[in-house]
Structures are given as C-alpha cells and as structure tokens.
Amino acid sequence: MTFHFCTIIDKDAGEAMYEWMEIDEHPLEWQLRTMGEYMARELDSRPDARVNFEPDAWQRTVLDNIDEDKSMLIVAPTSSGKTFISFAAMERVLRESDEGVVVYVAPSKALVNQVAAECFARFSKDVPGQALWSVHTGDYRINNPQNCQILVTVPQVFSEMLLNPALSRVWTPRIRRVIVDEIHAIAEEGSGMWEQVLLMNPAPIIGLSATVGAPERFSAWLQSVEERCGREYALVIHTHRFNALRKFAYAPRLSRFPDKEISPLNEYRSHPSIFAPVHPIASLALGDPELPEDLALEPRDCLALWRAMSTVDKELDPKLKPRKFFAPTPTIAIKHVIEFEQHLKKILVEWRNEPDYANPSSRFSRTVEFLEKPLREALGVSEELIENATEDQFNSLFTPLLADLNAQNQLPAILFNFSRDHCESLAKRISQDLERAEDKWRKSSPTFKDRLARARAAEKAAAKKAKAAESQTVNRKQEEEAARMGVVEEVQAFDPEAPSEEFTFVGKGISLIEFKKDVDDLLFLDMDPWIINALRRGVGVHHSGLPRRYRVLVENLYRRGVLRVVISTQTLALGINAPARTAVFAGDSLELNPLNFRQCSGRAGRRGFDLVGNVLFVGVRLDRIQRLLLSKLPKLVRPSLSLSLLPRRPRAAPSHSTRRR
C-alpha cells in the first residue's frame with residue numbers, strides 16, 4: 001500500500017484552486033504524523049499451533065520455556081501481551097493430568113477475583129469429586145483449595161499452605177507450576193510473605209512484572225534460588241509496548257473556574273486544544289538527566305524530534321530525513337519507527353555529552369527548548385490557577401473535562417487520585433454537576449417534554465387496554481391510535497425519575513433493566529445515596545475502603561463497558577484487567593512515584609481494546625510531569641531472607657498419596 005496525494009488544479013491557471021487544499025507534507029512524514037496508531041506492530045510474529053494468534057518472537061520463547069518446565073522472570077510493559085502466558089501455563093498443566101496443580105499468586109483481591117473469573121470462562125474440565133479451580137484469600141474462599149487444579153490466591157495464604165505439615169506430603173507434591181503476578185511487589189514494605197513464597201516454592205515459577213528496574217539484578221538472585229532447587233531458569237525481557245501512550249497536560253486557559261452547567265453530552269462540542277501534547281524529550285529541560293531505557297517515542301514524537309534536530313543543526317545527517325530513511329518501506333511499520341528512534345536518540349545522546357550541552361545555544365539545549373516551548377506556552381497562567389485551587393474548585397474542572405473526552409470518543413477513563421476522600425469528593429461533584437445540568441435542561445428541553453408526554457400517553461393507553469381486557473372488550477380505535485404513536489411499550493422504556501442519557505456516562509454493555517437491577521441490589525449496603533446516584537450516571541469509585549460487593553460490581557460494570565468513568569486510588573493499577581482509553585492523573589501526590597505512575601498509566605491503550613492510549617495530567621506541574629517521565633523504575637534488591645530457608649527437594653510422593661480413589 002502506498003499513498004499518493006492529488007491537488008485540485010484550475011485548468012485555466014494551472015494552479016491549485018484552494019490554498020488550504022495544498023499538501024506540502026511528504027507522504028512518509030504524513031504517515032509518521034497521523035498514522036502511528038494504525039501501523040503494523042508485530043515484531044517477528046509467526047503462526048504457532050500452541051496459541052490461536054500469531055505470537056511475537058519473545059512470546060514464542062516463553063511458550064518454549066513453559067514446554068521445557070523452565071522457571072522464568074518475564075519483564076514486559078503493560079499492553080505487550082503478557083496475559084496469555086498465565087493461561088498457557090494453566091492449560092498445559094490441565095492437559096497433562098487430572099492431579100497436577102497450578103497456583104496463581106496475585107497481590108490484590110481484585111486481581112484474584114478477575115483471574116478466577118477468567119479461569120471459569122476459559123477452561124472446562126470434569127473430574128469426579130474435584131473442582132477445576134478455587135479461590136482462597138483468607139477472607140473468603142470458593143471451592144476447596146486442596147482439591148482443585150487451579151488455585152488463585154494471595155501470598156499470605158499460599159505461604160501458610162506451604163508451611164502446613166499436613167499438606168506437605170499430600171498437596172504440595174501435586175504442584176506443577178507457580179505463577180507470581182506483579183512480582184515487583186516483593187519490594188514493598190511488609191513483603192516477607194512474598195520472599196517466603198519464592199524461597200519455599202516447590203515447582204517451576206513464572207514471575208510477571210511490567211515495572212522492574214534493572215531486572216538482571218533481581219533475576220540473578222531468583223536464578224540462584226531456582227537452580228539450587230534443581231530447576232532450569234530463564235530471564236525474558238521485552239521492552240516495546242504494543243500500543244503507544246500519548247501524554248497530555250490539561251491546559252484549559254482558564255481565568256476562573258467553571259461555574260456554568262454543561263450542555264447535553266450528545267451536543268457537547270469538543271475543544272482538542274485544551275489537551276496540550278507532552279513530548280517525552282521535552283522533559284530533558286529539567287537539567288542533567290539521562291534518557292530512561294523505557295522512554296519510548298511514538299511515530300509522531302519521532303517526527304517532531306527529527307524536525308527539532310534538523311532545525312537546530314542544518315548539517316544533520318541527511319539520511320535521517322524520513323523521505324530517505326523510510327524510502328525502502330513506503331508503508332511504515334512500528335519496527336521501522338523503532339530503528340528510526342534509535343538513530344535519533346543516539347545523536348541526541350552525543351549532543352548531550354558535548355562539553356557545552358548546558359549552554360542555551362548548544363544543539364542539545366535548543367532541541368529540547370524547541371520541543372518544550374509549545375507546552376509551556378499552552379499551560380500559561382492556568383497552571384498557577386489550578387495549583388492554588390481549593391479542592392472544590394479543582395473538582396469543578398472534571399465534568400467539562402469528561403464531557404470533552406466523551407465528545408472526542410476517548411472514554412472509558414480512569415481518574416487516579418491516591419486519596420480515598422478526594423476520590424469520593426470528586427465523584428460526588430461530577431454526579432452533582434450532571435444532576436444540576438440535567439434539571440436545568442429538563443425545564444426547557446422540547447425533547448424531554450416530548451418523551452414525558454409520550455410516556456404519559458403510553459401509560460394511559462396501557463391502563464385503558466388493561467381495563468378493556470378485563471371486560472373482554474377491545475377498543476381497536478384506541479389501540480390503533482396508540483400503535484400509530486409508537487407509545488404502547490414506551491412506558492416500560494422511559495422512566496422520568498431515571499437520569500437522562502444526555503447527562504450520564506453509562507455505556508451500552510448491558511440492558512438498562514439489568515443495569516438498574518444490579519445497582520438496586522446495592523441498596524441494602526446502606527451506602528451514601530450519592531454513591532448510588534453516581535453509579536446510575538456511569539461514574540464509579542474504587543478504593544479498598546469501600547464494601548467488597550460494591551467494588552466487585554464497579555469492576556464488572558467497568559469491564560463490560562457500562563461504567564465509562566471510574567475514580568480510583570492505585571487499587572485499579574495492580575495488574576487488573578481494567579482497560580481504559582484514557583488514564584487521568586487527577587492531582588499530584590507523594591504517592592505518585594515512578595512505580596505508581598507506570599502502573600496507572602499502563603491501564604490506557606490496552607492491547608486488543610484500543611489502538612493508542614492517552615495519559616492526561618490535571619493539576620500536576622510541568623516540572624513534576626517531566627520528572628515522572630524521566631524517572632527510573634526502582635531496582636529490586638536481593639531479599640533479606642537467607643537461602644538456607646530453602647526446603648530440601650521433596651521426594652516424589654507415593655502414587656497412592658496423590659491418586660484419587
């Protein structure tokens with residue numbers, strides 16, 4: 001496929017008829033600027049009979065290691081395709097026998113629930129007297145954890161089971177594979193249980209993480225543990241995210257905070273200019289940082305960087321001109337962009353290493369300033385205004401912001417704030433803003449008045465029809481009139497007390513009747529009414545202080561596309577399948593560290609859902625944004641527990657101890 005531009009020419013003058021229709025941009029540069037999310041992303045993908053898709057080279061390596069019973073540490077970005085690994089390992093154990101057990105260890109109960117649901121949906125196997133899967137978190141359990149083939153649990157429970165003498169001879173020898181998700185959690189405070197799990201683990205392990213800094217260091221320790229237990233080990237690192245993440249700073253150019261009700265969401269006109277693009281290389285304006293290994297550039301970032309570099313250095317290698325670099329490949333793929341990015345970064349690092357790089361007139365400084373200037377100008381005075389806002393003033397920004405994202409088709413969105421109270425106050429403000437706007441609209445809207453009139457007419461027609469049925473006489477004229485108006489059944493579809501669709505973020509994942517029933521089932525929890533009202537408007541809250549029943553419903557409704565706005569602490573960032581088109585950082589926090597930044601932003605642009613993900617900073621200063629982009633992931637240090645805690649390799653249990661009678 002190639003791209004050819006044409007111009008409408010005035011046949012008499014021989015010139016383009018309309019200046020605005022002239023395209024001066026080269027087709028290859030146009031591809032980089034506009035087609036990044038549509039480019040082929042596969043990296044050495046090939047068919048493989050073991051899976052129902054074409055895995056990339058690193059994924060085939062993982063499958064080979066599973067077949068060879070090797071232990072692995074797998075470090076790959078979110079949205080790169082790690083999900084299938086766990087289920088491939090589970091399927092192999094299930095196919096081998098009816099007795100082997102695979103244990104999936106997750107850091108949070110939300111992730112436990114999700115993985116258990118996935119196992120229920122993916123696998124089916126009938127073994128008399130035995131469940132296929134089980135959940136055991138300490139707080140609750142489903143099915144018998146000692147009599148299943150897939151156990152989904154948390155590290156505390158698994159550690160206790162490994163230390164149980166009664167299980168050590170009967171259940172532990174049945175374990176064939178242990179999967180530890182979000183293995184970087186071992187670095188958190190109070191993570192001794194994780195270390196015990198890794199040291200006492202009796203089977204080949206698969207450690208999964210997207211956020212391990214310098215993974216070779218931790219891998220060396222894990223390798224020593226596994227090899228001491230007589231198991232082969234491999235480290236698999238994949239550095240490229242499948243879907244790009246675009247970063248934006250909220251720049252509404254405010255002189256005061258919003259105080260007017262928004263218009264109906266279906267009529268709301270978007271304002272793309274309020275989302276100012278953040279070029280990753282512009283972050284180098286901070287001073288003396290290095291380029292992090294995971295500071296990735298998408299195609300349009302590469303084009304902007306090349307334009308900046310070629311502007312400040314007219315003698316830049318002409319082979320790097322996109323029209324020459326990509327000439328052999330008229331249709332650009334992501335693997336070609338990665339190569340282009342590496343060349344540009346190599347030259348930029350050379351400029352960075354020059355003695356006068358900090359001088360404002362140096363090539364390095366001018367390139368960075370070229371990329372940062374538009375962003376700094378866009379933020380303008382609004383940055384200081386938002387920084388000095390009260391909590392309520394800050395919250396007032398988000399209803400119009402979400403309306404804009406909705407108009408640009410950039411929902412669903414997760415708004416991350418690390419304060420439980422602020423999450424709730426933000427959700428409450430959004431719900432109240434929608435209610436106020438709806439009340440004002442209903443008083444003057446012909447659309448709502450017509451719906452109300454038709455519903456009342458339908459109600460009267462239904463009452464007359466019921467009365468006529470009782471006397472076994474049918475007034476066909478009334479029935480035909482009602483049918484002509486199309487209102488006979490509308491009384492069931494329109495509820496004047498329910499939120500109008502013009503003022504909700506509710507998606508179409510399930511029927512409105514089912515959604516109403518799910519929400520009404522929460523009424524017995526005695527929660528604040530505004531939480532239920534917000535849920536009815538497609539806005540959920542998620543943090544560990546809320547009732548489990550509510551949190552599980554929020555997770556399910558969000559995954560099914562019903563809730564399109566969720567305000568959350570980091571509880572939705574730990575590996576849970578909560579795909580978003582936009583991840584919003586709603587304010588700054590001390591807990592917004594490099595690890596949480598990558599975990600939260602990784603929810604956006606998930607593979608198989610969207611072509612690109614958006615990361616939006618609201619109320620976060622530019623220098624703070626730059627530090628987050630340049631920050632390096634924390635390194636996992638060697639755990640404190642001694643290798644002497646390793647259990648001796650267990651002897652094979654007698655057949656009668658593992659075979660069901």
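The values are calculated or read from the model by the stated rules, or taken from the named source; none is laboratory data. Please read all numbers here as calculations on a predicted model, not as lab measurements. For neighbour counting, all protein chains shown are included, and Cβ atoms are generated from backbone atoms with ideal geometry for every residue, glycine included. With ligands, DNA and RNA removed, areas are computed over all heavy atoms of the protein, side chains included. Shrake-Rupley method; radii C 1.70, N 1.55, O 1.52, S 1.80 Å.
What to note about this one:
- Of the residues making up region 382-411, those that are part of a helix (DSSP H, G or I), under 15 Å from Gln432 (Cβ atoms) and open to solvent by less than 10 Å² (accessible area, probe 1.4 Å) are Asn395, Phe398, Thr399, Leu402, Ala403.
- Filtering region 429-459 to residues that are under 13 Å from Glu501 (Cβ atoms) and surrounded by fewer than 14 Cβ atoms within 10 Å (Cβ to Cβ) leaves only Thr447.
- Matching residues, region 319-360, being open to solvent by less than 40 Å² (accessible area, probe 1.4 Å), in contact (Cβ under 8 Å) with a residue 60 or more places away in the chain and not in a helix (DSSP H, G or I): Phe326, Ile332, Ala333
- Some residue of region 301-314 being of a type in the set (D, E, K, R), in a loop (DSSP other than H, G, I, E, B) and either closer than 28 Å to Leu595 by Cβ or over 22 Å from the mean Cα position of the chain (by Cα) (or both): yes
- The set of residues from region 552-598 being more than 26 Å from Leu525 (Cα to Cα), buried (at least 22 other Cβ atoms within 10 Å of the Cβ) and free of Cβ contacts under 8 Å to residues at least 60 places away in the same chain comprises just one member, Phe597.
- Residues being crowded, with 16+ Cβ neighbours inside 10 Å and part of a helix (DSSP H, G or I) - total across region 520-529: 0
- Residue match in region 361-368 (condition: open to solvent by less than 40 Å² (accessible area, probe 1.4 Å), among the small types (Gly, Ala, Ser), closer than 23 Å to Trp30 by Cβ and outside any helix (DSSP H, G or I)): no
- Odd one out for Ile513, checked against (1) modelled with pLDDT under 90; (2) under 25 Å from the mean Cα position of the chain (by Cα); (3) assigned to a helix (DSSP H, G or I): (2)
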